[in-house]
Amino acid sequence: MARMTKKKIKKYTKVMTITSIVTLFFLVLGITYAIFRITVTAEKTNVISVGTLDVRIENEQDAITLQNTLPLTDEEGLSLTPYTFDVVNRGTIDAEYDLYLNINESKTTLPLNKIKYYITKETIDQNEVALMNNPQYLNDLLDEEIEEDTLYRLDYDDLNVDQFHSYKLYLWLDEEATVEEATNKYFEASIEVIATQLLDHARLVKKIDVSENQDKSVYGSLYDDGTLKVEGTGRITSNISSSITEGTNVSINSITLSEGILNIPAGLFQNNTTIKEVTIPNTVIEIAAYAFSGCIRIEDTITVPDSVITIGKGAFQNCQKVQHIILPSSITRIENDTFFQCHSLEEMVIPENVTYIGGNAFTRCYQIQTLHIPSKVQTIGNWAFDFMSKLESFDVDPDNQYFIDADGILFTKDMTKLVRMPVNKVLDSYTIPSSVKTLSVSAFRSCASIKTIVIPSPNITLQNDVFYNVPNTVTIEINATSDYIASHWPSNWKNGCSANIVYLQDES
């Protein structure tokens, strides 16, 4: 849930009365052809009532004051009598709320980095859950400070009308506190709830523990509008998509991961055909293999935050409708199949720190027209740029020590290997440079916009699929006899090739 701006909780009711006026027209046929109009006022009153927002704290017991307290171990702290209270929705509209600890700084002298807390919540299904793995220090929540008050967020959730959540809050002075830190010191705070109307009226359908170790550090909440919210701190399990929808008739169409989530596991939403959008927070460090593979309905821009350092194989494979994927500067590798069959991807900015582009990384990215290869790229895998039907040119950073482009065509730096001809390169004739000793795997695959390809020397190595899928509208001229090529080139060099082959030495 996004953090809300602080506001006073208000109850309000508006009643508007509307008098209905029904106008009836009677056409009376008579000598004068007069027209009479009769106005009738409805007897009933139409009322529009605006619901009330009323989220309260009730049933408070055993309030805690830390004064003249002794330092305690975690085990001793958790054995104390907790401060208990309920957050209740007594209004007439559904609400979402943030639960804060509001510390009175003018009276608090105990150091917050020596005060520990632990909080549990009993949910509407009477399942008591811990909101953290282990006790934590209060100052760990400092990032939740908002506006002029020192508000430390303890929890956030939704409440439908007449629902409540019961909390237990433990506070104690940590055993690491020194005599100087603990002597004659005081702590005072209050619980504060900031609530707003749940505007989309989405109702919670299911909420489950989705933490990787099933330690209740991360929860997934599925709403009846198809929104999946994953909230908490830590790593998440890989079977969220199936487990949270099991037993419901709700399909996931939107995913929001909250700040604190560290990973998106392998295959998390693989082949999910209902998801349309996803929000990734700036705490995720890993997007594992095939995490969003086959999510064919995602259309909105996917922004991968700077916190991510690893994107696994095929992570966005077959996301056929997504048009923009923004990658962070923190990644160094684009693994095999990462963007395979992203048919609608219009552009791709490869981050400057990338050193490796894997096989099939951009295969069947039909809309990309030009691709920049940054200075640090050292390795490009086989078939990395196949079937990119609109690709017109490569642009290699001049500082790259491993690759170079010549007229938009990709070569190794020493020009001895032609790595890839852009599929949509339009040329009347292209002569392979004399420096080239090797035509790389799939070097001219599917190139249909070149009328003639000239190979000036037969003393060249052809790797697999060099001319695969080259159509019969293309002519390949080889400066050798057919007998020479038959005896020196691999027998399968023409596999999948429909081009017209001309042996120039045969004609002479």
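Quick note: the coordinates plus some simple rules give every number you see, no bench work behind them. Please read all numbers here as calculations on a predicted model, not as lab measurements. Virtual Cβ from ideal backbone geometry, glycine too; neighbours counted across all protein chains shown.
Observations
- Taking amide H atoms as placed 1.01 Å from N in the peptide plane, the amide H of Thr303 lies under 5 Å from those of Ile280, Ile326, each 5 or more residues away in sequence or on another chain.
- Extension gain, Asn160 to Lys451: 0.36 nm times the residue separation minus the Cα-Cα distance gives 98.0 nm.
- Modelled this way, with points 7 Å down the Cα-to-C-beta line, the labels at Asp74 and Gln369 are 5.8 nm from one another.
- Of Asp337, Asp162, Asp74, Asp174, the sequence from fewest to most neighbouring Cβ atoms within 10 angstrom is Asp162, Asp74, Asp174, Asp337.
- The 3J(HN,Hα) values that the Karplus relation (6.51, -1.76, 1.60; θ = phi - 60°) gives for segment 98-115 are, in residue order, 10, 10, 10, 9, 9, 8, 7, 5, 6, 10, 7, 10, 5, x, 5, 7, 10, 9 Hz. Gly and Pro appear as x.
- Separation of alpha-carbon centers, segment 456-508 and segment 271-288, rounded to whole Å: 46 Å
- Taking segment 408-508 and dividing mean pair separation by its residue count, relative contact order in percent (alpha carbons under 8 Å, at least six apart): 23 percent
- Rounded to the nearest Hz, the phi-derived 3J(HN,Hα) couplings of segment 397-413 under the Karplus curve 6.51 cos²θ - 1.76 cosθ + 1.60 (θ = phi - 60°) are 4, x, 7, 5, 8, 10, 9, 8, 10, 10, 6, x, 9, 8, 10, 5, 4, where x marks glycine and proline.
- Taking 26 Å as the limit for the C-alpha separation, the pairs Lys425/Lys494; Lys229/Lys376; Lys417/Lys494; Lys276/Lys425; Lys207/Lys276 exceed it in the case of Lys229/Lys376; Lys276/Lys425.
- P(r) tail for segment 280-431: Cα pairs beyond 19 Å make up 50% of the total.
- If R0 is 41 Å, the Cβ-Cβ spacing of Val349 and Asn500 corresponds to a FRET efficiency of close to 0.60.
- A simple spin-label model places pseudo-atoms 7 Å from Cα toward Cβ; at Thr475 and Gln214 they are separated by 7.1 nm.
- Summing charges over all other residues whose Cβ lies under 12 Å from the Cβ of Leu262, with Lys and Arg as +1 and Asp and Glu as -1, gives -2.
- Percent of C-alpha pairs per 10 Å bin, segment 408-508, short to long: 16, 54, 29, 1
- Taking other C-beta atoms within 10 Å as the exposure proxy, Tyr503, Tyr117 rank Tyr503, Tyr117 from fewest upward.
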